[in-house]
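**Q** Next up is a structure, given as structure tokens.
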4 protein chains.
Amino acid sequence: MSHNSFGHLFRFTTFGESHGLAIGCIVDGCPPRIALTEADIQGDLDRRRPGQSKFTTQRQEPDQVKILSGVFIEADGIQRTTGTPIGLLIENVDQRSKDYAAVAQAYRPGHADFTYDTKYGIRDPRGGGRSSARETAMRVAAGAIARKVIPDIRIRGALVQMGPHRIDRANWDWDEVNNNPFFCPDAKAAAFYADYLDGIRKNGSSIGAVIEVVAENVPAGWGAPIYGKLDSDLAAAMMSINAVKGVEIGAGFGAAELTGEDNADCMRAGNDGKPRFTSNNAGGILGGISTGQDVVVRFAVKPTSSILTPRETIDRDGKETEIFTKGRHDPCVGIRAVPVGEAMMAIVLADHMLRHRAQVG
Amino acid sequence: MSHNSFGHLFRFTTFGESHGLAIGCIVDGCPPRIALTEADIQGDLDRRRPGQSKFTTQRQEPDQVKILSGVFIEADGIQRTTGTPIGLLIENVDQRSKDYAAVAQAYRPGHADFTYDTKYGIRDPRGGGRSSARETAMRVAAGAIARKVIPDIRIRGALVQMGPHRIDRANWDWDEVNNNPFFCPDAKAAAFYADYLDGIRKNGSSIGAVIEVVAENVPAGWGAPIYGKLDSDLAAAMMSINAVKGVEIGAGFGAAELTGEDNADCMRAGNDGKPRFTSNNAGGILGGISTGQDVVVRFAVKPTSSILTPRETIDRDGKETEIFTKGRHDPCVGIRAVPVGEAMMAIVLADHMLRHRAQVG
Amino acid sequence: MSHNSFGHLFRFTTFGESHGLAIGCIVDGCPPRIALTEADIQGDLDRRRPGQSKFTTQRQEPDQVKILSGVFIEADGIQRTTGTPIGLLIENVDQRSKDYAAVAQAYRPGHADFTYDTKYGIRDPRGGGRSSARETAMRVAAGAIARKVIPDIRIRGALVQMGPHRIDRANWDWDEVNNNPFFCPDAKAAAFYADYLDGIRKNGSSIGAVIEVVAENVPAGWGAPIYGKLDSDLAAAMMSINAVKGVEIGAGFGAAELTGEDNADCMRAGNDGKPRFTSNNAGGILGGISTGQDVVVRFAVKPTSSILTPRETIDRDGKETEIFTKGRHDPCVGIRAVPVGEAMMAIVLADHMLRHRAQVG
Amino acid sequence: MSHNSFGHLFRFTTFGESHGLAIGCIVDGCPPRIALTEADIQGDLDRRRPGQSKFTTQRQEPDQVKILSGVFIEADGIQRTTGTPIGLLIENVDQRSKDYAAVAQAYRPGHADFTYDTKYGIRDPRGGGRSSARETAMRVAAGAIARKVIPDIRIRGALVQMGPHRIDRANWDWDEVNNNPFFCPDAKAAAFYADYLDGIRKNGSSIGAVIEVVAENVPAGWGAPIYGKLDSDLAAAMMSINAVKGVEIGAGFGAAELTGEDNADCMRAGNDGKPRFTSNNAGGILGGISTGQDVVVRFAVKPTSSILTPRETIDRDGKETEIFTKGRHDPCVGIRAVPVGEAMMAIVLADHMLRHRAQVG
């Protein structure tokens, strides 16, 4: 058991606080002889990196990853995994702890300050310590390696709702996702969000979001019944991301409103010998096992609790007070959760590929 | 790693198919010297048992549990746990396999028939084999033991939505839950559901539902950051229940629509020295750790895919055909998911109590 | 984590006390479509069963195993594993608890009475409860299934020392193992042991033994470096057997006396393209990974502590007293440890086959 | 499951090769608020460090450890653990890879070259890569933290046999252990070893050893029956150390030669209310649970296979050749295994303390 590891056969373990010397992780169980360089990882890290638009925190973290172990340059000049643990390190450079001095005593509502202090008896005010979203950089790094373990599978994420405003799914265009600072597949919605979020940012407020992650080309048969269900692991994966409060697969909560006739995805003979489904309410998973359709997960991200408006709270001594947050924060943390969600999807699928191969060959 | 175990320190492992000789489980890690009899478990099993109203499957499964190990009658005549594994067994009595003869070849849409066959290369048509909801009886049994590990915590579940029809939360009365066959806390909604579901049942159709489970008196400090988050484990737990397609904590997907000001639960000094929160959007969990407020989880259950209306499908040979299900099935499987959800909540909390005690003492 | 499970991908979990209703286990992770009947398991159980000669306990335990789940008779009439958990049960028939009434209060030296009571606060005198060697029946049952997962590997065990008397390895003949009640491969030593152990038995005394288990045809490449070493898992496996106090691989403790020149197993080109080793001090494992040579493990079993001669001890109240054991016990428990050691070897190897296949394919 | 992690509740995971940029580990599950500085760890690392006498490899590795996370300087100026993962890093400084150029193609007998290549399909000749004893530095670092988790327990190791030469246990003096370069508690034997090992070193040969590790003040009741046995975990821990071929507890292999009368450790009432044992053949463990006596483990270390005398071997193409090792190596690797064995003992005990506290409170 480990509270800081995720996955079973493809497994990674992270360490580090937002304001310590470095953050890092160990990726264990990666198959040998997969080509891997730091550049392969850096690309995904850069997508998550803050400070790239006015809509994300202005902290400057270059997030330059170093591979410390687990790779070897073979005779052909290509660096490949050796099958032994891959140590990854990102040194912290922007640790402006003074921003956090004010919050040392009072518990910030919506943050983990009170619960950490209650659990561990330690009040580490530096950027939320371990509960900072900074930890997710290592998820993205591990996810980049996971993608290389399952190279045929394409994993993409998108923001599909900001506050109460949902995208129009009829406008969905994956190419748009990289054309706006919101990872939004609907160009029209993205234009709206630009104004909408700017208003929220200027007010020192924040807003929630819903993210959707889709994995294509997942073969039928991955996953397992009961407690090893692919959807159970995806739910744990997404709910472990900071600020996530809900996870759904396929039709999700909408399935509660359906009749059996409407919900069941009918099957037809496909042209390639594989079955073709006439719908995908299942989100690509039946009985915990992949169907061969796209695996579709959505998760809800709450608004960051770091806002300029003072909120009522108490301090360590139980005395009532007020607090507001001056630090540099994301008006919509959901945005940067997109590459994190993709990474967790990649990690769950890589793990289940290995688990399936172990049992079934 | 085990695909059929759940929990870490309070851990149970199940076996058995709906139409085999028996189902059973091993509960491991239970503290010693907890008073435990079969009657303690039977009560919860009886709440889940089918055939109690016309709204659940008419299969007759007395679900009589036997404790095979891990208890000892001490000198005072009280039977207590010994700290060693508790073996539980329920013999199957109603295994009418013939009902399932028709489905042997064609894959039932919405069921796990196709995915199991693809994964394992075995087509076991008997009641869905391992993917039958029958397995949840063992969860309820393990959950009954978990409740005794955390006796101060009260865990109750309720059906809060059937199809598109939500209860009126203003009518919430926990006492009503046991007064209707739906575990519904809103008497008025329950009356409506009786007619509504009867119509669905008579049509041989089915409908989805949303279940809410609430745990009171959970101390602040249980859970862990990152991958050992209490909410991450709850998400995995609930999503592992048959037919569940979505899980949310506290405000859940609603949190995506909130601003930071509205979402953050403010803190005030309580009369008992403990903090008092002015709202509970967090659902009792911040940063993966309990706040001391009620832990609130909701999950969406899809309609059962066993319906009388024929649906298009294919058979093992890929040939197109149609199928409908004559067997005895639940028009709304969400109903019987209520005690299962309670059990999973109890198991997660008992596990985290032990995990917290291990690290923090 | 589970204190009653062993293995990772091929994993089994046991429950049950020697004097409860039944013992049982769940074998999880077994690949699908392996032919398996109760008879396949019963054969190994019968080799371990007590009461077959005057040299083992006279308790009568038919040890009739039932497969409760995880198998399915396919269209060809052959029963095969389905890939889901296999539940196994053996009902207890000979529970003569009265034999143990005398020992209820005093702690038997060399037994786990004192440590269990100290740990759990429960004094269950019935045959040692969970610490009885009866639990090993389930290891043998799980091991019989493990053998079917790695059908090309031949696993055989032998008693190579009884008390101070070692066999003459020049006389080693595997066929002899089944010709005497000691699983002894040296016919001459077996004849000596017959007299020697009879004397010990008549005195109500007991004696230790050393067991060797050999696995042939293990492919090179199984195992893993560092904490997943094949030898590390074998050491844990054998040391977990009741009464075992030492484990060694290949040259074992003898390796401490060797020079580097003598210890290193030289390699030559084999006729079949595979390397040939000129010796096997490594016991078939280098750096935690199999070499392709025979995997050779030995373990030391202490004498049973149940003897007729009174020994000094204390009771639950700390009062000094004496105790001797009238129950039916083995004069040399090492004998029945032979099939148990074979089973643990099979389980470790089956687990590592799956682990290797997962990572390397 | 992880091949590079050890422990369950006190758990560490290592990465790094002998000739990469750095080695490191993550210690997870450490209780919060334990005073911890780099100096606490450095002391143990220095005891293991090579190059301190002519009897260990002349590689210069300062082994300067950095704590990257998991600690916080509290208001009283004392740095303490926070309960979150502790990241440790040692940068490699002496990576003279050229020494290893010659061995790139041929497999060194007794080393893991052949098995790694067979498993992973990668031939990394740099100092044995992951299988180098360099990894043990991280065990010692993690062990130093484990010691602080169980401060009342004293753990000491000693070399008790070099080649065929055993110490005289009558001369045992723990204070002598730090007076000679062999960690030998018998001054007379140490003097003999100095000459003996010098001869072996000058011949470019090597020799095996036996190490004993003793833990004092372990409370009765730690450990668990069956597969969570304290001795089973100790066996896995010690057998996972490089070059170890055998492990024994208490009387160990000697127990095989004893009668039940001689082996059973009798109990008497102690002056302090606790029982007193009249002997310790059990090595402090009965039924997998600590008795309160000293926990005593011994393990056998084979001679290093890096020797100057050419040995027959094959290369990657299967061609027969010869090889000898010019690198800087230990004539008796057993010596430096002493602090490693102590560390593994500390880790197993810290883990079991937490496991016991979890279940029993």
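**Q** Considering Cα pairs under 8 angstrom that are at least six residues apart, work out the relative contact order of chain A and quote it in whole percent.
**A** Reported relative contact order: 22 percent.
**Q** At q = 0.14, 0.15, 0.18, 0.22 Å⁻¹, what log₁₀ I(q)/I(0) does the range B:224-304 have when each alpha carbon counts as one equal point scatterer in the Debye sum?
**A** Computed log10 I(q)/I(0) values: -0.53, -0.60, -0.81, -1.06.
**Q** Give me the accessible area per residue for the range A:157-251, probe 1.4 Å, as a whole number in Å².
**A** 31 Å²
**Q** On average, how much area does the Cα convex hull of the range C:183-264 cover when viewed from any direction, in nm²?
**A** The number I arrive at for the range C:183-264 is 8.3 nm².
**Q** What percent does the relative contact order of the range A:67-218 come to when contacts are Cα pairs within less than 8 Å and at least six residues apart?
**A** 17 percent
**Q** Can you work out the Karplus-derived ³J(HN,Hα) for every residue in the range A:163-169? Use 6.51 cos²θ - 1.76 cosθ + 1.60 with θ = phi - 60°, whole Hz, and x for glycine or proline.
**A** Values, residue by residue: x, x, 9, 8, 6, 8, 5 Hz.
**Q** Still on this model: Taking the radius of gyration and the Kirkwood hydrodynamic radius from Cα positions alone, what is the Rg/Rh ratio for the range C:110-168, to two decimal places?
**A** A ratio of 1.16.
**Q** Hey, another quick one. Starting from the residue with the highest accessible area, list A:Asp317, C:Asp63 in decreasing order, probe 1.4 Å.
**A** Final ranking, largest accessible area leading: A:Asp317, C:Asp63.
**Q** Let me ask something else. Ranked by accessible surface with a 1.4 Å probe, highest first, in what order do C:Tyr193, A:Tyr116, D:Tyr196 come?
**A** Reading off the accessible areas and sorting them downward yields D:Tyr196, A:Tyr116, C:Tyr193.
**Q** Using the Karplus curve 6.51 cos²θ - 1.76 cosθ + 1.60 with θ = phi - 60°, work out ³J(HN,Hα) for each residue of the range A:257-274 in order, rounded to whole Hz, and write x for Gly and Pro.
**A** Whole-Hz 3J(HN,Hα) from phi for the range A:257-274: 8, 8, 8, x, 5, 6, 7, 5, 7, 6, 10, 10, 5, x, 5, 8, x, 7.
**Q** Quick one: what are the phi-derived ³J(HN,Hα) couplings along the range C:290-301, Karplus 6.51/-1.76/1.60 with θ = phi - 60°, whole Hz, x for glycine and proline?
**A** So the Karplus estimates, Gly and Pro as x, are 5, 9, x, 7, 4, 8, 10, 10, 10, 9, 9, 10 Hz.
**Q** If chain A were replaced by its equivalent ellipsoid, with semi-axes equal to the square roots of 5 times the Cα gyration tensor eigenvalues, what would those be, largest first, whole Å?
**A** 34, 27, 19
**Q** Calculate the mean, over all residues of peptide B:274-287, of how many other protein chain Cβ atoms lie within 10 angstrom of the residue's Cβ.
**A** 4
**Q** Also: For the range D:300-346, what does the alpha-carbon gyration tensor say about shape, rounded, prolate or oblate, given a ≥ b ≥ c as the root eigenvalues, a/c under 1.5 as rounded, and a/b over b/c as prolate?
**A** Prolate.
**Q** In vacuo Debye scattering of the range D:1-50, one point per C-alpha: log10 I(q)/I(0) at q = 0.15, 0.16 Å⁻¹?
**A** Results for the range D:1-50 at q = 0.15, 0.16 Å⁻¹ read -0.56, -0.64.
**Q** Please list, in chain and number order, the residues 5+ apart from D:Arg311 or on another chain whose amide H is under 5 Å from its amide H, with Hs placed from the backbone.
**A** Residues meeting the criterion, in which the H sits 1.01 Å from N, are D:Ile323, D:Phe324.
**Q** Quick check: from the Cα gyration tensor, does the range A:1-90 come out rounded (a/c under 1.5), prolate or oblate?
**A** Because a/c hits 1.5 or more and a/b fails to exceed b/c, the range A:1-90 counts as oblate.
**Q** Sticking with this structure for a sec: Ignore the peptide's own chain and count Cβ atoms of other chains within 10 Å of each Cβ in C:153-162; give me the average, rounded.
**A** 1
**Q** Give the share of C-alpha pairs in each 10 angstrom bin for the range C:234-281, from 0 to the last occupied bin, in whole percents, shortest bins first.
**A** 23, 32, 30, 14, 1
**Q** Expressed as a whole number of Å, what is the distance separating the alpha-carbon centroids of the range A:8-32 and the range B:30-59?
**A** Each part reduced to its Cα centre gives a spacing of 42 Å.
**Q** Something else now. Quick one: how many Å² of D:Lys319 are accessible to a 1.4 Å probe, rounded to 10?
**A** Taking all protein chains as shown, D:Lys319 has close to 140 Å².
**Q** Let me ask something else. What's the minimum Cβ distance from chain C to the axis relating it to A, in whole Å, and which residue gives it?
**A** C:Ala358, 2
**Q** Can you pull the mean other chain C-beta count within 10 Å for peptide A:301-313?
**A** The shielding value for this peptide is 5.
**Q** OK, next. Counting only Cα, what are the radius of gyration and maximum Cα-Cα distance Dmax of the range A:103-260, in Å?
**A** Reported Rg and Dmax, both Å: 18.7, 54.
**Q** Another question, then. Quick one: length gained pulling D:Phe324 to D:Asp152 fully straight, 0.36 nm per residue minus the C-alpha distance?
**A** 57.2 nm is the gain from fully extending D:Phe324 to D:Asp152.
**Q** Moving to a separate point now. Would you kindly calculate the mean projected area, averaged across all directions, of the convex hull enclosing the Cα atoms of the range B:220-359, in square nanometres?
**A** Its Cα hull, projected and averaged over all orientations, spans 12.8 nm².
**Q** Could you calculate the contour length gain from D:Arg33 to D:Thr309, that is, 0.36 nm times the residue separation minus the distance between their Cα atoms, to one decimal place in nm?
**A** 94.1 nm
**Q** Please list the non-local residues whose amide H lies under 5 Å from the amide H of B:Arg276, H modeled 1.01 Å from N, same-chain partners needing a gap of 5 or more.
**A** The list, which skips near neighbours in sequence, is B:Arg268, B:Ala269, B:Gly270.
**Q** Grab the other residues whose beta carbon is less than 14 angstrom from that of C:Gly223, score K and R as +1, D and E as -1, and report the net.
**A** The answer is +1.
**Q** Next question, about the same structure. Nearest 100 Å² is fine: how much accessible area is buried between C and B, summed over both sides, with a 1.4 Å probe?
**A** It comes to approximately 3300 Å² buried between C and B.
**Q** Positive end of the dipole of the range B:201-344, charges at C-beta (+1 Lys, Arg; -1 Asp, Glu), about the Cα centre: which of B:Gly260, B:Gly273, B:Val218 has its Cα farthest in that direction?
**A** Of the options given, the answer is B:Val218.
**Q** What per residue convex hull volume, in Å³, do the alpha-carbon atoms of the range C:169-230 yield?
**A** Taking only Cα atoms, the range C:169-230 has a hull volume of 132 Å³ per residue.
**Q** Oh, and also: Considering the range A:273-333, what Rg and Dmax in Å follow from its alpha-carbon atoms?
**A** For the range A:273-333, the Cα radius of gyration and maximum Cα-Cα distance read 22.5, 69 Å.
**Q** On the first, second and third principal axes, largest extent first, how far apart are the outermost C-alpha atoms of the protein assembly as shown in Å?
**A** Dimensions of the protein assembly as shown along the principal axes of its Cα atoms: 84, 69, 66 Å.
**Q** For A:Gly208, what residues show an amide H to amide H distance below 5 Å, using hydrogens built from the backbone and excluding near sequence neighbours?
**A** A:Gly163, B:Leu258
**Q** Name the most mobile residue of C:Thr37, C:Thr115, C:Thr325, meaning the one with the largest mean-square fluctuation, in a Gaussian network model of chain C with Cα contacts below 10 Å.
**A** C:Thr115
The values are calculated or read from the model by the stated rules, or taken from the named source; none is laboratory data. What you are looking at is a predicted structure, and each value in this text was computed from that prediction instead of being measured. Using ideal geometry, Cβ is built from the backbone for each residue, glycine included, and neighbour counts are taken over all protein chains shown. Ligands, DNA and RNA are excluded from the accessible area calculation, which covers all protein heavy atoms including side chains. Shrake-Rupley method; radii C 1.70, N 1.55, O 1.52, S 1.80 Å.
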